[in-house]
1. Do we have residue 163 as surrounded by 16 or more Cβ atoms within 10 Å (Cβ to Cβ) and modelled with pLDDT of 95 or more here?
2. Would you say residue 119 is surrounded by fewer than 20 Cβ atoms within 10 Å (Cβ to Cβ), in contact (Cβ under 8 Å) with a residue 12 or more places away in the chain and closer than 30 Å to residue 43 by Cβ?
3. Output yes when any residue across the stretch 209-229 is in a loop (DSSP other than H, G, I, E, B), at positive phi and under 33 Å from the mean Cα position of the chain (by Cα), and no when none is.
4. Can you tell me which of 157, 179 is crowded, with 16+ Cβ neighbours inside 10 Å, touching a helix residue (DSSP H, G or I) at 6+ places or on another chain (Cβ under 9 Å), at pLDDT 95 or above and under 18 Å from residue 65 (Cα atoms)?
5. Exactly one of (1) surrounded by 15 or more Cβ atoms within 10 Å (Cβ to Cβ); (2) at pLDDT 90 or above; (3) farther than 26 Å from residue 102 by Cα; (4) in contact with a helix residue (DSSP H, G or I) (Cβ under 7 Å, 6 or more places away or on another chain) is unmet by residue 189. Its number?
6. Could you check, for the stretch 198-205, whether at least one of its residues is within 30 Å of residue 50 (Cβ to Cβ), assigned by TED's automatic domain parsing to the domain that holds residue 88, free of Cβ contacts under 8 Å to residues at least 60 places away in the same chain and under 29 Å from the mean Cα position of the chain (by Cα)?
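The values are calculated or read from the model by the stated rules, or taken from the named source; none is laboratory data. A quick note: this is a predicted structure, and the numbers were derived from the prediction, not measured. Cβ placement follows ideal geometry from the backbone for every residue including glycine, while neighbour counts extend to all protein chains displayed.
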């Protein structure tokens, strides 16, 4: 009888242990499912937040100024993405030749000299400072802004026809400088910036940049990563120049 009681106690102990182990395993499974669900919800929220930064551009009539912001954002993302393991984004913008030529004051493109740009070549338009030797800019947009200050660079672009007229009306550099100074386009004399010849070249470049910012683009394609759900590719085509 005593042995039977011991056997029952042992069986009950084993049953209780099994129940406890089963409950623990069930609790761990539930905790794992919760953690996975929580992780997925966080990942989905991050994907949505990321895509929202770019879907705002997935439309028609995106301004050229917005395209510059988009391209710079993508360049920054691609620089940082290696640490997070995401696929690099690809951006393509196409500018038909007839529109591209109309960006230039004289029809000869000095800044936007090709029909297609990608996320890794957009800096050819905006341009980090390249080389400023004395008062002569390297021909890039940021060089010109550094040289004249942005507000005066805009003024040169807006009065480029006047500068072109000076170039046509006078042959000598000194006469051109004097005529330019009389227009008071800049806070300093033309000779301070090199001469009118150089100012005119810089004005042509900046005029083209200003015109580019006025263009309109249509988003023609958007692609998503099949694993992460993040946008990985966008394509745009320029449709016209605005005002």
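1. Values: surrounded by 16 or more Cβ atoms within 10 Å (Cβ to Cβ): yes; modelled with pLDDT of 95 or more: yes.
The answer is yes for residue 163.
2. On the way: surrounded by fewer than 20 Cβ atoms within 10 Å (Cβ to Cβ): no; in contact (Cβ under 8 Å) with a residue 12 or more places away in the chain: yes; closer than 30 Å to residue 43 by Cβ: yes.
Answer is no for this residue.
3. In the first step, residues of the stretch 209-229 are kept if they are in a loop (DSSP other than H, G, I, E, B); the result is 214, 225-229.
Checking the rest, the ones that are also at positive phi come to 229.
Now narrow it down to the ones that are under 33 Å from the mean Cα position of the chain (by Cα): 229.
Looking for residues that are in a loop (DSSP other than H, G, I, E, B), at positive phi and under 33 Å from the mean Cα position of the chain (by Cα), one finds at least one in the stretch 209-229, hence yes.
4. Details: 179 fails: under 18 Å from residue 65 (Cα atoms).
The unique qualifying residue is 157.
5. Here residue 189 clears every test but (1).
6. Step one: filter the stretch 198-205 for residues within 30 Å of residue 50 (Cβ to Cβ), giving none.
Among the residues of the stretch 198-205, not one is within 30 Å of residue 50 (Cβ to Cβ), assigned by TED's automatic domain parsing to the domain that holds residue 88, free of Cβ contacts under 8 Å to residues at least 60 places away in the same chain and under 29 Å from the mean Cα position of the chain (by Cα), which makes the answer no.
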